[in-house]
Amino acid sequence: MPNIAVYIEQSGGAAKKVAWQMTAEARRLVDRTGGEVWAVVLGDAAAAAEAGRHGAHRVFTAAGDAFARYDAETWTRALAAFVAARRPDLLLVGATATGKDFAPRLAARLDAACVSDCVGLDFDGGFKLRRPIFAGKCYAEVAVDAPVAVAGVRPNAFPLFAGGGADAPVEGFDPGLGGFAPHASVVETVTSAEKKIELTEAEIIVSGGRGLKEAGNYKLIETLAATMGAAAGASRAIVDAGWVPHSHQVGQTGKTVSPKLYVAVGISGAIQHLAGMSSSKCIVAINKDPNAPIFKAADYGIAADLFEVVPALDEAIRALD
Amino acid sequence: MKIAVCVKQVPDSETRITLAAPGPELDRSGFTRVLNPYDAFAVEEAVRIKERLGADCEITAVTIGPDRAVETLKKDCLAVGCDRAIRVNEPALENAEPLQTAKVLAAVLRRGGYDLILTGKQAIDDDSAQVGPMLAELLDCSQATVVTKLELGQGVFTATCEIEGGAAIVRGSLPAVITCQKGLNEPRLPSLPNIMKAGMKPQETLTCADLGLEIPAARTRITTYSPPPPRAACRMVAADDPAAAARELARLLRDEAKVI
Ligand SMILES: Cc1cc2nc3c(=O)[nH]c(=O)nc-3n(C[C@H](O)[C@H](O)[C@H](O)COP(=O)(O)OP(=O)(O)OC[C@H]3O[C@@H](n4cnc5c(N)ncnc54)[C@H](O)[C@@H]3O)c2cc1C
């Protein structure tokens, strides 16, 4: 009867999508095994009211000025205090920039098991966590040999809770910070000027590669992305060429994404690119070389000139329904 | 300033993993090993800091690994400007999980009194991205992860960290653990004469017993390695007429895959 705690990361007063994906998956699991799902909210309690609807049985919140700006040490202490007080068997943390920053630190403090970037969650007497390793070339099933585990969860690995959910009682907890001052903290966050859909959160991604031939042609990708309500991504080749900033790069040295739909345009499908996107649910490849390795990873492919196919696809999608 | 760079030897990114069926073992016999590419950014950053600060700076490269890891220390660390190397040789830690690694590295680092500890943002074999933040906790110091720019002042640092849709600027006091990401710098390559000379730099090999440490227990266990979930063969949409192909693709994505 495992109890699973879920850290609810917020941004601008709203919970991140991955937080509710985690409460949903945790709920599906405990509905089979017994146990409860506990949402843990630090600082701004705005998300607390929603947690029940997303599958949580109970919500725990800690307030205080210490949570006004993020730092790994404060988050580590507060969540360690929560784990010590409530003793969940598993604590889930989204594998976001923030989650990846503090989750290992928290595990070290708790001397807990720590598993990164999980895409599968199961329990039979003990937790079994599934995760890609070697850049997705292999999957590992990880068993936990400790009283508590901290697990990172890849965004978009799990669907939201469909079971309705009820209001969940909210209770405060003492984060045990009394006068604690961290050694380092975030003093500023800089977001890119244009309000674009973030790659790691997008449900659809349209990415372009060297097949686009020159920087100006990246607008084909941006146009199709806008039509599809998608984020625009890139291969390393065109990032290194300076056509788009590194923040667009998908792959081993870029971002790991798992959207519902990934459209790879003029991208050969090098192993380091596949590393970042091969867990996408549906992959479309548009490449004029029918032997390009990207077709081995794709679900749908068109072997033709992207300069003809992409504008036509844009039009075809606009013409749907 | 005393700088430590924690590095790992890993299978290169082209390594093929062949797994016919799921099982508890992975065949690692054919792996070609290299310095973890993210660690190269850490080594380079340390060397650039030393080049700025001059003689007042010493860089120690630290790794946990078997005899073959000596090559990585020599060629990729000492030959490009690190001053000394420490290797922990413990067969029981081959394929250790990150917390075991962090505990042993922390024991090494505690002996040195380092101001700055640099490492890659993650190793490309287990892809865990855990050792850096774990080290910071075990050493009770500052951290900044996935760093693309690092500035040092008197006892303080300012780091630019990659986050969703932008960057976070983290400021803190030294000592600090910094995990390095592409963009921080362009790692240099070692020259042959420097590789020859690297052999003369001090190198220490330790065991956990030398560190007064019991081999830390693992908290997790990989029970099964399996191939990636199978994907159905790619469905090629006939493309002699690109406009028709595009319409067919749009229809498939809506009606069959149900993703738009
Ligand atoms: C350590 C390391 C880390 C790396 N990390 C990353 C990473 O994070 N992300 C990443 O993407 N790469 C990464 N790479 C680079 C990777 O190996 C490839 O070099 C890169 O992905 C290639 O980009 P590309 O597919 O755009 O270009 P190319 O390989 O040049 O492919 C271009 C493709 O476009 C097609 N094409 C050309 N013209 C047309 C046309 N008119 N219509 C349709 N198709 C056309 C071609 O057939 C070809 O398949 C890394 C490499 C290393 C060594």
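For this structure, a couple of remarks:
Let's see how each residue does on (1) under 19 Å from B:Leu116 (Cβ atoms); (2) modelled with pLDDT of 90 or more:
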position: B:Lys2; (1), (2): yes, yes
position: B:Lys8; (1), (2): yes, yes
position: B:Pro11; (1), (2): no, yes
position: B:Leu26; (1), (2): no, yes
position: B:Val34; (1), (2): no, yes
position: B:Ala46; (1), (2): yes, yes
position: B:Gly54; (1), (2): yes, no
position: B:Ile59; (1), (2): yes, yes
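- Leading residue by the ranking (nearest to the ligand (Cβ to nearest atom)) among those in segment A:241-261 that are of a type in the set (Val, Ile, Thr) and touching a Gly at 6+ places or on another chain (Cβ under 7 Å): A:Val250
- Contacts under 6 angstrom Cβ, first residue in segment B:10-38 being β-branched (Val, Ile, Thr), partner crowded, with 18+ Cβ neighbours inside 10 Å and assigned to a loop (DSSP other than H, G, I, E, B), 6 or more apart: B:Val10/B:Asn36; B:Val10/B:Ala123; B:Val10/B:Ile124; B:Val10/B:Asp125; B:Ile17/A:Lys137
- Only a single criterion out of (1) assigned to a strand (DSSP E or B); (2) within 10 Å of chain B (Cβ to nearest Cβ); (3) not polar (S, T, N, Q) is not satisfied by A:Lys196, namely (1).
- Check on A:Leu306, closer than 25 Å to A:Arg130 by Cβ, touching a residue at least 40 places away in the same chain (Cβ under 8 Å), within 12 Å of the ligand (Cβ to nearest atom) and more than 9 Å from chain B (Cβ to nearest Cβ): no
- Meets criteria (out of contact with any strand residue (DSSP E or B) (no Cβ under 6 Å at 6 or more places or on another chain), at pLDDT below 95 and outside any helix (DSSP H, G or I)) for B:Ile215: no
Okay, residues lined up against (1) more than 9 Å from the ligand (Cβ to nearest atom); (2) assigned to a helix (DSSP H, G or I); (3) crowded, with 18+ Cβ neighbours inside 10 Å; (4) free of Cβ contacts under 8 Å to residues at least 60 places away in the same chain:
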| site | (1), (2), (3), (4) |
| --- | --- |
| A:Lys219 | yes, yes, no, yes |
| A:Val239 | no, yes, yes, yes |
| A:Val263 | yes, no, yes, yes |
| A:Gly269 | no, no, yes, yes |
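- Scan of segment A:180-199 for residues that are small (Gly, Ala, Ser), without any contact (Cβ under 8 Å) to a residue 12 or more places away in the chain and either over 16 Å from A:Tyr70 (Cα atoms) or surrounded by 20 or more Cβ atoms within 10 Å (Cβ to Cβ) (or both), ordered by number: A:Ala193
- Hits in segment A:107-146 - residues which are part of a helix (DSSP H, G or I) and modelled with pLDDT of 95 or more: A:Ala107, A:Ala108, A:Arg109, A:Leu110
- Qualifying residue in segment B:57-65 (condition: within 24 Å of A:Val150 (Cβ to Cβ) and touching a Ser or Thr at 6+ places or on another chain (Cβ under 9 Å)): yes
- Residue that is surrounded by the fewest Cβ atoms within 10 Å (Cβ to Cβ), among those in segment A:112-156 that are acidic (Asp, Glu) and within 7 Å of chain B (Cβ to nearest Cβ): A:Asp145
- Residue count, segment A:200-217 (criterion: within 13 Å of chain B (Cβ to nearest Cβ) and either within 12 Å of the ligand (Cβ to nearest atom) or surrounded by fewer than 20 Cβ atoms within 10 Å (Cβ to Cβ) (or both)): 2
- Here B:Thr119 meets each of (1) in a helix (DSSP H, G or I); (2) within 25 Å of B:Lys197 (Cα to Cα); (3) not acidic (Asp, Glu) with one exception, condition (1).
- For the condition under 22 Å from A:Leu29 (Cα atoms) and basic (Lys, Arg), A:Arg131 qualifies.
- Considering only residues in segment B:136-182 that are part of a strand (DSSP E or B) and charged (D, E, K, R), the one that is surrounded by the most Cβ atoms within 10 Å (Cβ to Cβ) turns out to be B:Glu162.
- Residue selected from segment B:149-173 under the condition facing another protein chain (nearest Cβ under 8 Å) and more than 21 Å from A:Thr74 (Cα to Cα), by the criterion modelled with the lowest pLDDT: B:Gly165
Residue-by-condition table, conditions (1) surrounded by 14 or more Cβ atoms within 10 Å (Cβ to Cβ); (2) at pLDDT below 95:
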site: B:Glu186; (1), (2): no, no
site: B:Ser191; (1), (2): no, no
site: B:Asn194; (1), (2): yes, no
site: B:Met200; (1), (2): no, no
site: B:Thr220; (1), (2): yes, no
site: B:Thr224; (1), (2): yes, no
site: B:Pro228; (1), (2): yes, yes
site: B:Ala238; (1), (2): no, yes
site: B:Arg254; (1), (2): yes, no
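- Residues (within 10 Å of the ligand (Cβ to nearest atom) and closer than 14 Å to B:Ala246 by Cβ) located in segment A:285-303: A:Ala285, A:Ile286, A:Ile302, A:Ala303
- Taken together, B:Ala46, B:Ala4 contain a single residue that is buried (at least 22 other Cβ atoms within 10 Å of the Cβ) and part of a strand (DSSP E or B), which is B:Ala4.
The values are calculated or read from the model by the stated rules, or taken from the named source; none is laboratory data. Because the structure is predicted, anything quoted here is derived from the model rather than measured. Cβ atoms come from the backbone with ideal geometry, glycine included; neighbour counts cover every protein chain shown.
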